[in-house]
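As structure tokens, the structure follows; a few thoughts come after it.
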């Protein structure tokens, strides 16, 4: 996350009473409450919310909660004692019962509304009222803001029950999807990708709900059966959960002049966002128009960097609507996400996602969200033509900034230096870009495992032998005769890979150009490459056995995955390598819930 990373606090937070002393509810204390809301938070039926930034709402506790896991890494950063995760009052609060929290914690949580746009198009038809006033946190309820070590964190229960935005759903998350999100958030943090964080995960021993899912080995695109699954609550944590869709909601109401406070509410949410996410880079003394322009420039930097990082580690969010785009510039949505096994620019784990949210189209999807973000800011600059023009300039420059971020990312993955002191930098950069383009073609034609290929390349092999560990198709079948077309194709691919490797090494060696200030050794290049090319990735076929075992009350594989996936760049034990550094088995291809999944959770 772009906020400063917390260090371990000097004093340990051992009890819920210790944590309560750090409570500080900036959102509820400074923004507008829905005037139609109840004071006691008993507000669980679907309804329209016409105004206000939040609705007070009580979470619905899961029945008979049982501890599954907590993030030891995040607990350490926050200064939380590990023992707290299993203490009765902590379990009670973070499994949905906040009726007995110690003061000054509050006995009511809050949910927020937002608008929906998909790839730059506004939608209201999915709203049950056909007005757009029914979208929002349908099962995510924030229960605490606390300032810990000078950093503000908001803690939100995923699966915490119905809110006015539930649109008739049950407000629950199931153990399967909760485990996926819990593991993914901490894995992404360990990968160095800005993300919301995982705090804790509890499951009900008795409460279940029905969800569509896939039968064993099903190759159906969509779930083909209803299954009964245990409900769970995971707590996710971030400096704020403000989304592009939230700004859109208040901007739409302003443009349509839906109520007298529309412009005021838009300005309030934007200034609140700046205080929560950008206080370190935007001076509080500036005017609102000045702040708005700086916000746009900084969010552009964070968003482009985020998406380049997603592609660096092979992550596809799957559903990058504006309501799943955090304005803090970090990964928010872990519903239909997936990590690439086979490299495919069109990789899309979600059956409902389409090409527009596929792996290599994520930069374009980010631009569409940024366009909606800028549109939401425009009413605040309506009487400031100079600042409007500046915002337009920032918006139109998105693709250039995104392209630069992607160039830098690919160069880092390949150990290349785009700015070395060659006699002709433009020519050097063109050679690098050609090399990257040729590599993308080769990776698709072979095809290769995205993670294993770049990790093997990071050792700067002498020939293509080690790279073949990442090849999925058996193009190198020595039993085939030379007259066999497959054998000829394999020889041709072998030749092309060898030529590519030589070109790459030539460009690597150009870093030792006489004009370069300090030539890099192969060992140093390899070390740097291994810092950006992970060895271990949270592949879906690792996660499925973990949640299947968890459904039977065995949480050991979850904890094993926590250990392995929070050290994704490390050389781990031989047993870990044999188990987690390998190609996807052929029998898992095209299987529902492994190679693709629906958004149901």
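We did not get these values from a lab; they are worked out from the coordinates using the rules stated. Bear in mind the structure is a predicted one, so any value in this text is a computation, not a measurement. Because the Cβ atoms are built from the backbone with ideal geometry, glycine has one as well, and the counts that use them run over all protein chains shown.
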Taking a crude spin-label model, label points 7 Å out from Cα along the C-beta direction, the residue 531 to residue 86 distance in nm is 3.8
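Please compute the contact order of the chain in relative form: average sequence separation of alpha-carbon pairs under 8 Å and at least six residues apart, divided by the residue count, as a percent. Please report the intermediate quantities before stating the final value.
Working: 1163 pairs, mean separation 86.8, N = 601.
Rounded, it is 14 percent for the chain.
At R0 = 51 Å, how high is the FRET efficiency between residue 267 and residue 491 if r is their beta carbon distance? Nearest 0.05 is fine.
Numbers: r = 66 Å, r/R0 = 1.30.
So the FRET efficiency works out to roughly 0.15.
If each residue of separation counts as 0.36 nm, what is the full-extension length gain between residue 469 and residue 569 once their alpha-carbon separation is subtracted? The partial results should precede the final answer.
On the way: separation 100, 0.36 × 100 = 36.00 nm, distance 1.79 nm.
Additional length available on full extension: 34.2 nm.
Checking the a/c ratio against 1.5 first, then a/b against b/c, what shape does the Cα gyration tensor give for region 117-183?
Details: a/c = 1.98, a/b = 1.56, b/c = 1.27.
Because a/c hits 1.5 or more and a/b exceeds b/c, region 117-183 counts as prolate.
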Hey, what number do you get for the chain at 222 nm if only DSSP H runs of n ≥ 4 count, each worth -39500 (n - 2.57), divided across all residues, to the nearest 500? -12500 deg cm²/dmol
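Which of rounded, prolate, oblate describes region 100-216, given a ≥ b ≥ c as roots of the alpha-carbon gyration tensor eigenvalues and a/c under 1.5 marking rounded, otherwise prolate only if a/b is larger than b/c?
Values: a/c = 1.33, a/b = 1.20, b/c = 1.10.
Rounded, since a/c falls under 1.5.
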Subtracting the Cα-Cα distance of residue 523 and residue 24 from 0.36 nm times their residue separation yields 174.8 nm
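Ranking 455, 302 by Cβ neighbours within 10 Å, fewest first, what do you get?
Sorted ascending by nearby Cβ count, the order is 302, 455.
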Can you give me the distance in nm between label points at residue 38 and residue 206, each placed 7 Å from the Cα along the Cα-to-Cβ direction? 2.3
Pairwise FRET efficiency - residue 255 versus residue 554, Cβ, R0 = 56 Å, nearest 0.05: 0.60
Spin-label point model (7 Å from Cα, Cβ direction): what's the residue 123 to residue 383 distance in nm? 3.7
Compute the distance from the alpha-carbon center of region 520-565 to that of region 115-188, in whole Å. 26
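Can you give the FRET efficiency to the nearest 0.05 for residue 219 and residue 419, using r as the Cβ-Cβ distance and R₀ = 51 Å? Intermediate values should be presented prior to the final figure.
Values: r = 48 Å, r/R0 = 0.94.
Result of the calculation: an efficiency of 0.60.
Give me the number: length gained by fully extending residue 427 to residue 286, i.e. 0.36 nm times residue separation minus the C-alpha to C-alpha distance, one decimal in nm.
Full extension from residue 427 to residue 286 adds 46.4 nm.
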Going fewest to most other Cβ atoms within 10 Å around each Cβ, 504, 310 line up as 504, 310
